[in-house]
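Undergrad: After the structure tokens below, expect a handful of questions from me.
Where a number appears in this text, it was derived from the coordinates with a stated rule and is not lab data. Computed from a predicted model, the values in this text were never measured in an experiment. Here the Cβ positions follow ideal geometry from the backbone for every residue, glycine too, while neighbour counts run over all protein chains shown.
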Amino acid sequence: MLRDAPVAESDEAKPGVILDYDDQGNLVGLEVLDASLRVTAADKMDFRVTA
């Protein structure tokens, strides 16, 4: 969970990647299903923030 807020809506952005939004459309949570199967370098994390 990115923020302590009630989840109003969830969306599967890509297969196995679930994004949770509050009632104003702000991202409040992120879930990666079977993450251990998707990770190739456990000591590294890359992410992008877009507006």
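Undergrad: Are there trypsin sites (Lys or Arg not before Pro) in the chain that DSSP marks as loop and that have at most 13 other Cβ atoms within 10 Å, and which are they?
TA: Sites meeting the loop and neighbour criteria: ARG3, LYS44, ARG48.
Undergrad: Further question: Could you derive backbone 3J(HN,Hα) for the stretch 13-24 from the dihedral phi with the Karplus parameters 6.51, -1.76 and 1.60 (θ = phi - 60°), listing whole Hz in sequence and x where the residue is Gly or Pro?
TA: 5, 9, x, x, 10, 9, 10, 10, 10, 7, 6, 9
Undergrad: What Rg and what Dmax come out for the chain when only alpha-carbon atoms are used, in angstroms?
TA: That works out to 12.3, 35 Å for Rg and Dmax.
Undergrad: Given +1 on the Cβ of Lys and Arg, -1 on the Cβ of Asp and Glu, and no further charges, what dipole in debye does the chain carry about its Cα centre, rounded to the nearest 20?
TA: 300 debye
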